Each structure stands twice: as structure tokens, then as C-alpha cells.
Amino acid sequence: MPREIAFLFDFGSPNAYFVHRALPAIAAKGTVSFRYQPVLLGGVFKAIGNQSPMQSYGHIGAKVAYDRLEMQRFMAAHGIDKFVMNPHFPVNTLLMMRGAVAAETLGCARAYNEAMFAGMWEQGLKLDLPDVWERVLTGAGLPAGQLGELAADPEIKGKLVANTEAAVARGVFGIPTFFLGEDMWFGKDRLRDVVEAAEQMETPA
């Protein structure tokens, strides 16, 4: 049985998009599997007083340039060639992330996640606008009406809050974050490390 790695994500993170694009080829090897877990990055930041890298380091030219270099290296390593910087960044992801929980409930999370990541980081859409969000869902063949109703349901809203609070309690401070059991890895550049750790674990008797 492949070892399961939890992938905590928010569609507003370009680095989460990069990971999303890299995962299929890794999972295809059959040694690890990935479980997508939606959390609200803004909620994480608010809970711990963190802020985005652009807010923290955007004034440091050398770091911004190096981050772009690492981005290019990761894309080259994983054959990612459709990325565009969203011109509306940062985009409020509350609707999208509630929708991710709703999609889990309806059993269409894989298609939903693909539509949202592509809309954000390949099509450059302003997905915090409900009409844009619904149009993307319809275009992907997803039940936009049902997803919209569920995204507004207090139970779905509460589950996203619970996911986010649980992540903070486990030490999460940013996205993307991975968990292998109780061990945490942060950032797209740690994807290889968590996969290697999972592959090296002994299979239970």
C-alpha cells in the first residue's frame, strides 16, 4: 500500500499550484498517495500573525529575484509550462475554499480542485467573484448550483474553519504544507523530502 501524504492547500498560493501540477507524476509511481486537505490561508495568517512573503520580503530585491529563480527551477524540473501570475493577486479565496469542502461532500473534489487551480494560475481569473467562479465550474462540467448552495451552508463553512484551526494547532504557518503521520514539511521545495521520507518508511507487518 502506498504511504499517504496529506497536502494542505489554498488556491491562492502559487506554490500550492506548482505542487498540484507535480503530484500526478509522483503518485503514478505507486509508492505514495496524496490526500488534499483544504484550509484557509488567510485564517492561518490571522490566527498566528503571519503574512505573505510579498508583504514580509517584497522590499528585498535579492530575495524576490531568488524566489523567482526557485520558481523557474521547480517548473522546469516538473514540466510545468502553463503558469501565469494572476493579475488580480492577491485574490480572496474564501468562496473557493468553501467550495473545495463542498466538492468533497459531493465527491467531485478532484475535478473541482483542477478547475480552481487552472483558473487561478493558468487563466488568471478573479475567482472571488461569484459569477466568475460559477462560470468556471459550469465550464468544467461541475454542478455549480449545488456547489454554490453547499458553499453557503453553515456546516460546510464550519468544516473549513475546523480544518484551518486543526492545521494551526499542528503547527502550520503557511501553504503548501505536507504531513506524513504527525511529521510536517513546509513549502514546494520540501515535496521531494516528504516523498523520500514516505518511501523509506517500513511497511507495517
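How many residues are in a helix (DSSP H, G or I) and either crowded, with 17+ Cβ neighbours inside 10 Å or over 14 Å from the mean Cα position of the chain (by Cα) (or both) when one looks only at segment 112-124? Please lay out each step first, then the result.
Narrowing segment 112-124 to residues in a helix (DSSP H, G or I): 112-121.
Of the ones still in play, those that are also either crowded, with 17+ Cβ neighbours inside 10 Å or over 14 Å from the mean Cα position of the chain (by Cα) (or both) are 112-113, 115-121.
Result for segment 112-124: 9.
Does any residue in segment 171-186 that is in contact (Cβ under 8 Å) with a residue 60 or more places away in the chain and in a loop (DSSP other than H, G, I, E, B) come within less than 6 Å, Cβ to Cβ, of a residue that is among the polar types (S, T, N, Q) and crowded, with 20+ Cβ neighbours inside 10 Å six or more places away or on a different chain, and which pairs are these?
Close Cβ pairs satisfying both conditions: ILE175/SER13; PRO176/ASN15.
Give segment 149-182 a look and list any residue that's surrounded by 15 or more Cβ atoms within 10 Å (Cβ to Cβ) and in contact with a strand residue (DSSP E or B) (Cβ under 8 Å, 6 or more places away or on another chain), or say none.
LEU160, ASN163, ALA167, VAL172, PHE173, GLY174, ILE175, PRO176, THR177, PHE178, PHE179, LEU180
How about segment 7-110: which helices (runs of 4 or more DSSP H) wholly inside it have at least 3 residues that are within 20 Å of ASN163 (Cα to Cα) and in contact (Cβ under 8 Å) with a residue 40 or more places away in the chain?
Values: elements: 14-27, 41-48, 53-57, 61-78, 94-106.
Passing ranges, in order: 14-27, 41-48, 94-106.
Read-outs: derived from the displayed coordinates by stated rules, not from any lab. Bear in mind the structure is a predicted one, so any value in this text is a computation, not a measurement. Using ideal geometry, Cβ is built from the backbone for each residue, glycine included, and neighbour counts are taken over all protein chains shown.
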